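Right, one structure below, let's go through it.
The values are calculated or read from the model by the stated rules, or taken from the named source; none is laboratory data. These numbers come from a predicted model, not from an experiment. Note that each Cβ is placed from the backbone with ideal geometry, even for glycine, and that neighbours are counted across all protein chains shown.
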Amino acid sequence: MMVDANDTALLQAVRQNQKFVSNLWEDKHNIRYCFGSSLTNVAQQAMVEAIQHFKNNIPCIGFKQVAVGNDTTKKCAEEPAIYIGSFSSGCFAHVGQPYKISSNPDAYTDSQLNLGNGCETMGVAAHELGHNLGMLHEQSRTDHGQYVKILWDNIREDKRHNYDTSEDGDRTMPYDMLSLMHYSDTAFGIVDADGTKLKTMEAVNSPNGSTVVMGNRMGLTHQDARQVGSMYGCLEEIDHFKLCTPDPEGCTMEDCGCHQEASALDEIIKTTDAQGCNRCLKMCPMHPYGTSGACGCPEGLEQ
């Protein structure tokens, strides 16, 4: 998440116990975006799938592709709009609709989404698009301490700000440990001497402690979809949320997501085969370990 141009909105949102900021897109049916010349083909495909994923699950929001206005300034031809590219390393995005510039009412502040090397999956693209739509990180909630313990000493010093929050009040929406907007339990962790990334969060009051799965980059959970529906005024329309089949021999062709119990020890991932069949499968262990039964490999890896 890019916060330099959005600090005020973000801090206000956290203080007001929100999971999203107040600068939502005014024309929610035609949220403009453009693909910059730096965007790689694989990143563009991930972005197309992420946009469709939001449209499939939140019926009251829509998107409109427009031309690039200026690649140098990272602006689209029409504003306000999201400029999408692979112009830097890492994965990040501005939060919410950009603001009008007071000295020029026809111009807007920046709104960018970057998918660098390693970020070119639908789940990561959807996470960043969630920021563009106004969503904050789940663990930024004021009530996160009831659910996760942040291990500050294990977080890279230059990344600790990503875990900042306010202690004022609570949220009314249920905390979603598996949210698309929740960090994993090793996000921005320090790497120890043997190359292992240290845990940065662990579940509170869980018999499994830090082994609880946190976050996902498969797509929106039902709670995420309800959150965006609430933000944009169509909560009552979020009544259909398709889950992919967990059957290794089954096939779900339509857009779908994967859920799992927060206490599960094995991470469930969404897999898509060459025929377009989607399934929710236990993630295969990394080499040299093995497992019995069916399992799925993360995108880019093979069994």
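Assorted remarks:
- Qualifying residue in region 54-65 (condition: closer than 13 Å to A125 by Cα, in a helix (DSSP H, G or I) and either of a type outside the set (V, I, T) or touching a Cys at 6+ places or on another chain (Cβ under 7 Å) (or both)): yes
- Comparison of L115, L129 shows that the only residue that is surrounded by 23 or more Cβ atoms within 10 Å (Cβ to Cβ), of a type in the set (A, V, I, L, M, F, W, C) and farther than 17 Å from Q65 by Cα is L115.
- Filter result for Y183 (part of a loop (DSSP other than H, G, I, E, B), touching a strand residue (DSSP E or B) at 6+ places or on another chain (Cβ under 8 Å), not charged (D, E, K, R) and not assigned by TED's automatic domain parsing to the domain that holds T271): yes
- Verdict on N154 being surrounded by fewer than 20 Cβ atoms within 10 Å (Cβ to Cβ) and not assigned by TED's automatic domain parsing to the domain that holds Q52: yes
- The set of residues in region 46-59 that are touching a residue at least 60 places away in the same chain (Cβ under 8 Å), surrounded by fewer than 17 Cβ atoms within 10 Å (Cβ to Cβ) and closer than 13 Å to I238 by Cα contains only P59.
- Screening region 209-245 for residues that are within 28 Å of V148 (Cα to Cα), more than 20 Å from the chain's Cα centre (by Cα) and touching a residue at least 12 places away in the same chain (Cβ under 8 Å) and picking the one that is surrounded by the fewest Cβ atoms within 10 Å (Cβ to Cβ) gives T211.
- Any hit, region 138-149, residues being of a type outside the set (S, T, N, Q), within 13 Å of the chain's Cα centre (by Cα) and at negative phi: yes
- Test: residue in region 127-137 that is in contact (Cβ under 8 Å) with a residue 24 or more places away in the chain and at positive phi: yes
- So K149, is it assigned to a helix (DSSP H, G or I) and either farther than 27 Å from F63 by Cβ or among the hydrophobic types (A, V, I, L, M, F, W, C) (or both): no
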